[in-house]
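Below is one structure, written out as structure tokens; comments come after it.
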Amino acid sequence: MGADTFSEEEKAAMKAASTEAKRRRSTRKEELAAADRAACEEAIAAMADEDRVLAERIHGIVADVAPELAPKTWYGMPAYARDGKVVVFFKPAHKFKSRYATLGFEERATLDAGTFWPTSYAVTAIDDEVAASIEQMVRRAMG
């Protein structure tokens with residue numbers, strides 16, 4: 001692999017993942033949930049305005065619909081986990097210079113629908129209809 005294999009944004013995401021792993025190893029188990037929640041909230045607060053508005057809304061929806069999911073960061077992005085494994089995450093558009101943010105679900109999410117189903121959704125705005133769809137997907141992801 002050449003020196004230009006990874007973009008600066010990808011390198012930053014890998015560095016964030018390394019920082020997250022170090023935090024988990026160095027934080028006492030009883031303090032980890034609070035540290036993870038704080039890291040998630042800090043990641044949201046540091047976002048560009050357009051992404052932050054979306055992330056705050058998704059953060060609220062996940063907290064309301066699936067309070068059993070623990071907020072944390074995953075490659076520097078807000079994520080929500082069950083038993084330490086990411087179920088849902090928010091990838092801000094500005095993080096990878098994308099034209100839209102992404103709401104994604106990892107394989108712990110129970111979105112299975114036959115042999116083919118979506119696991120990521122482009123998000124540019126969240127009105128009441130989109131919020132209701134996100135709520136429904138999060139509920140479904142929880143099983």
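The values are calculated or read from the model by the stated rules, or taken from the named source; none is laboratory data. Model, not experiment: these values are computed from the prediction. Note that we place each Cβ from the backbone using ideal geometry, even for glycine, and neighbour counts take in every protein chain shown. Just the protein is used for accessible areas: all its heavy atoms, side chains included, with ligands, DNA and RNA removed. Shrake-Rupley method; radii C 1.70, N 1.55, O 1.52, S 1.80 Å.
T115 contributes an accessible area of around 140 Å² to the protein surface, as traced by a 1.4 Å probe with all chains present.
Using a/c under 1.5 as the rounded threshold, could you call the chain rounded, prolate or oblate? The axes a ≥ b ≥ c are square roots of the C-alpha gyration tensor eigenvalues, and prolate needs a/b larger than b/c, oblate otherwise. Spell out each step's value before the answer.
Numbers: a/c = 1.43, a/b = 1.16, b/c = 1.23.
Taking the square roots of the gyration eigenvalues as a ≥ b ≥ c, the chain is rounded.
Between region 1-33 and region 78-143, the C-alpha centres lie 21 angstrom from each other. Modelled spin labels at A33 and E9, positioned 7 Å past Cα toward Cβ, are 3.4 nm from each other. Accessible area per residue for the chain is 61 Å², calculated with a 1.4 Å probe on protein heavy atoms, without ligands, DNA or RNA.
Taking the Cα-to-Cβ direction at S98 and at A122 and moving 7 Å from each Cα, how far apart do the two end points lie in nm? Placing both labels 7 Å beyond Cα along the Cβ direction yields 1.1 nm.
Report in % the part of the accessible area of region 25-103 that belongs to carbon and sulfur, leaving out ligands and nucleic acids; probe 1.4 Å. That share works out to 50 percent. The mean sequence distance of close C-alpha pairs (under 8 Å, at least 6 residues apart), as a share of the length of the chain, puts its relative contact order at 20 percent.
Hey, with R₀ at 30 Å, roughly what FRET efficiency would T110 and S26 work out to, going by the Cβ-Cβ distance, to 0.05?
My answer for the efficiency is 0.40.
Restricting the trypsin sites (Lys or Arg not before Pro) of region 97-135 to loop positions (DSSP other than H, G, I, E, B) with no more than 12 neighbouring Cβ atoms within 10 Å leaves K97, R99. Here's the list of lysines a cross-link from K85 could span, going by alpha-carbon distance under 23 Å and ignoring same-chain residues fewer than 8 apart: K11, K15, K22, K29, K72, K95.
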